Amino acid sequence: MIDKKTKFRRLVYAAFVLFWMTAPLYLNKYFIDVLNNVALYAVLGLSLNIILGYGGMFHMGHAAFYAIGAYTTAIINIQFGVPVLLIMPLAGMMAGLFALVVARPIIHLRGDYLLIVTIGLVEIVRIALINNVFGITGGANGIFGISSPSIFGYTINGIVHPHHYYYLLTAFLGITIVLFFLLEHSRFGRALRYLCSDEIAAEGSGINTAGYKLAAFVIGAFWAGMTGTLYAAKITFISPESFSFWESVVMFMIVILGGSGSIPGVILGAILIIGLPELFQGLQQYRLFIFGIALVIMMIFRPQGIIPPKPPKYPVNRLDKSEVVL
Amino acid sequence: MSLLSVNAITKTFGGLKAVDDVSFQVPKSSIFGLIGPNGAGKTTVFNLITGNYKVDCGSIRFNSEDITGKITHKIVEKGIARTFQTIRLFGKMSVLENVLAGRHCRIRSGPVSAMLRLPKQRAEERRALGKSMAELEFVGLGHEFANIAGNLSYGNQRLLEIARALASDPRLIVLDEPAGGMNEQETAALVDLIFKIQGRGITVLLIEHDMSLVMKACQHLVVLEYGKKIAEGAPDAIKENPQVIEAYLGSDDDVF
């Protein structure tokens, strides 16, 4: 039996997918580029959602992992001429490795303490990039001339042909949604939600809470790093200013506003925070003001986010009597 | 043969000796009670056994293996599951998911096999689901599986904690005031459940204030007062022990 609410929700999702897939047919370059940014931030939001949404860890330094992915891509592409899409897994690994090293000593911190430390983290990365560490980051000027991705000899230029890049990003977003949905509905996803709900009870139930927190950081960072590749290859130029503390705040807001722990929620959050302001270009300076007010109202009246996570369903009625054994 | 042996453990909080040189042996397949007035250090002993606190000195052996200072989830994996005095369920999650939490350490699939939905992962999830449903039926909560844990009655929440602990296939289950907040009927049903748990070959160690439950269920008791062990033995002998009576009722000097 499908109730009305589920039917409605499915209809909305279907309409959204239809719109998203056909958007290049009727939207101009400018708006397609806006949607490209929405897709990028949706993936970033989903990767942060693993840490912040499921795991409940207040991590406000996600831009650091994004930056490491983007810089890994830029440096290897320019120094060795490796095609950017081949660098993507490596960019993910570098970000994941960095997360493993930096998150380990701070993983036991709770709530606001973790928040402050992760803010420090993103600032350290940004300032290190500006100071041109190891002489390979290009300092405050950043790195120019990153090549565009190419698939089967066909180059996808993100600046000249945002329509083409749109499908690349859509594919990545689609894969991310599917994989993260499967992750959410698994032993791993459950473990994160247990430790988010009550860490002592989770540990007492036999869950390696410290290990899972670290794993959440590494997976989230890995994905943010890969997204960094697509970002760097899209605009072909990166600088430390693209990875400021504000970027981390934006990602954080996407998750919290949309609904932490909810995949549709995070995507909606990306649309509202990245896409919506573009529609109100005419309002100019009032934009941020309205945005701020909206956030305050949301947090008062719907702190769980616009689309809170749905409790997962388990196929209990599909179990055979013989399977229900002690 | 003892399953759990606690050897001269001491735990100090600041200047207070919460547990002072306590030793006891829990025999295999027994129902073993730890009693004492409020603040005697019973829960602290539990927290030391389950690794929530680290002992200052002394040692704890489980199944002839030293588990002193081991981290909690490792201890659960070795076969000691617990419930909490102040109920600690995952309140906003479903009853079934709460039990699945206990099953967690007995299944293996990691994030990659989950993202790829490998056949092994799916079979494992299905088995975990079956086992968890069976545990719910065992404690009498089978029909509540889809409910939100926080919406259960107090007594049922206690039962759910027991189901969660049982789902990890423990050899020893540590129950911290399982009858707290239960009415008479629920307590009577709990005694039956404790015997049923023992019937599965699981050793039960419990803290309880409800003396009728303790006297009915336990074969062996240890009495703590001010962190020290003051008596040990069969329930009938404990009942007559003057030191225990004094601890519970106060000495003559106090009775004014």
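The values are calculated or read from the model by the stated rules, or taken from the named source; none is laboratory data. Every value quoted in this text rests on a predicted model; they were computed, and no experiment measured them. Virtual Cβ from ideal backbone geometry, glycine too; neighbours counted across all protein chains shown. Heads up: the accessible areas ignore ligands, DNA and RNA and are worked out on the full protein's heavy atoms, side chains in. Shrake-Rupley method; radii C 1.70, N 1.55, O 1.52, S 1.80 Å.
Summary table
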item	result
Over the range A:89-237: Kirkwood hydrodynamic radius from C-alpha pairwise inverse distances, Å	17.8
Residue-level accessible surface for residue A:29, protein heavy atoms, 1.4 Å, Å²	110
Tensor-based shape of the range A:30-144 (alpha-carbon gyration tensor, a/c under 1.5 rounded, otherwise prolate or oblate)	oblate
Average beta-carbon neighbours from other chains, 10 Å sphere, peptide A:318-325	4
Burial of 50 Å² or greater, the range B:100-132 residues [accessible area, probe 1.4 Å, versus chain by itself]	B:104, B:111, B:115, B:117, B:125, B:126, B:129
Solvent exposure ordering (accessible area, 1.4 Å, most first) of B:104, A:185	A:185, B:104
Antiparallel content of DSSP bridges confined to the protein assembly as shown, in %, to 5	60
Residues of type lysines that residue A:234 reaches as a straight line, Cα spacing below 16 Å, ignoring anything fewer than 8 places off in the same chain	A:29
Per-selection Rg to Rh, the protein assembly as shown - Cα, Kirkwood hydrodynamic radius	1.06
Cα-based equivalent ellipsoid of the range A:203-244: semi-axis lengths in Å, sorted from largest, via gyration tensor	34, 10, 5
The range A:100-169 - Kirkwood radius from inverse mean 1/r over Cα pairs (Å)	15.6
Rg/Rg_globular for the range B:45-151, with Rg_globular taken as 2.2 N^0.38 Å and Rg from C-alpha atoms	1.27
Extended-chain gain in nm, criterion 0.36 nm per residue less alpha-carbon gap, residue A:12 and residue A:110	31.6 nm
The range A:134-215 shape via C-alpha gyration tensor axes, a/c threshold 1.5	oblate
FRET efficiency estimate (nearest 0.05) - Cβ-Cβ, residue B:153 to residue B:230, R0 25 angstrom	0.10
Descending principal axes extents, the range B:140-238, alpha-carbon based, whole Å	45, 27, 24
Computed accessible area, residue B:117, all protein chains, 1.4 angstrom probe, square angstrom	60
Euclidean distance of C-alpha centroids, the range B:131-195 and the range A:25-86, integer Å	46
Semi-axis lengths (Å, descending) of the ellipsoid that matches the C-alpha gyration tensor of the range A:279-326	48, 12, 5
Extent along principal axes [Cα atoms of chain B; Å; largest to smallest]	70, 40, 35
DSSP beta bridge pairing in chain B, given as percent antiparallel to the nearest 5	55
Which listed pairs, of A:213/B:70; B:70/B:228; A:310/B:196; B:11/B:216; B:54/B:92; A:213/B:42, have C-alpha distances above 28 Å, in listed order	A:310/B:196; B:11/B:216; B:54/B:92; A:213/B:42
Range of Cα positions in chain A per principal axis (Å), largest first	62, 48, 45
Accessible area of residue A:104 in the full protein assembly, 1.4 Å probe (Å², nearest 10)	150
Check: the protein assembly as shown dipole with +1 on Lys, Arg Cβ and -1 on Asp, Glu Cβ, in debye	2120
The range A:188-282: Rg to Rh, with Rh as the Kirkwood radius over Cα pairs	1.07
Cα gyration tensor shape of the range A:1-96, rounded if a/c is under 1.5, else prolate or oblate by comparing a/b with b/c	oblate
The range B:1-52: C-alpha pair distances exceeding 15 Å, %	49
Semi-axis lengths, Å, the range B:98-200, gyration tensor of Cα atoms, sqrt of 5 times eigenvalues	29, 14, 11
Whole-number percent relative contact order across chain A, with pairs defined as alpha carbons under 8 Å at least 6 apart	31
Net charge over other residues, Cβ less than 14 angstrom from the Cβ of residue A:260 (K, R count +1; D, E count -1)	+3
Inter-part distance where the range A:274-326 and the range A:209-270 are each reduced to a Cα centre, Å	16
Rounded to 10°, Cα long-axis angle of helix B:184-199 versus longest principal axis of chain B	70
Expected 222 nm ellipticity per residue - DSSP helices of 4 or more, -39500 (n - 2.57), all of the protein assembly as shown, to 500	-17000 deg cm²/dmol
Percent of alpha-carbon pairs separated by more than 18 Å within the range A:75-133	52
Exposed-site-free run, longest, chain A (rule: chymotrypsin sites (Phe, Trp or Tyr not before Pro); DSSP loop; at most 12 other C-beta within 10 Å)	A:1-143
Calculated SAXS-style log₁₀ I(q)/I(0) at q = 0.16, 0.18, 0.22 Å⁻¹ - the range B:1-106, Debye, Cα scatterers	-0.79, -0.97, -1.28
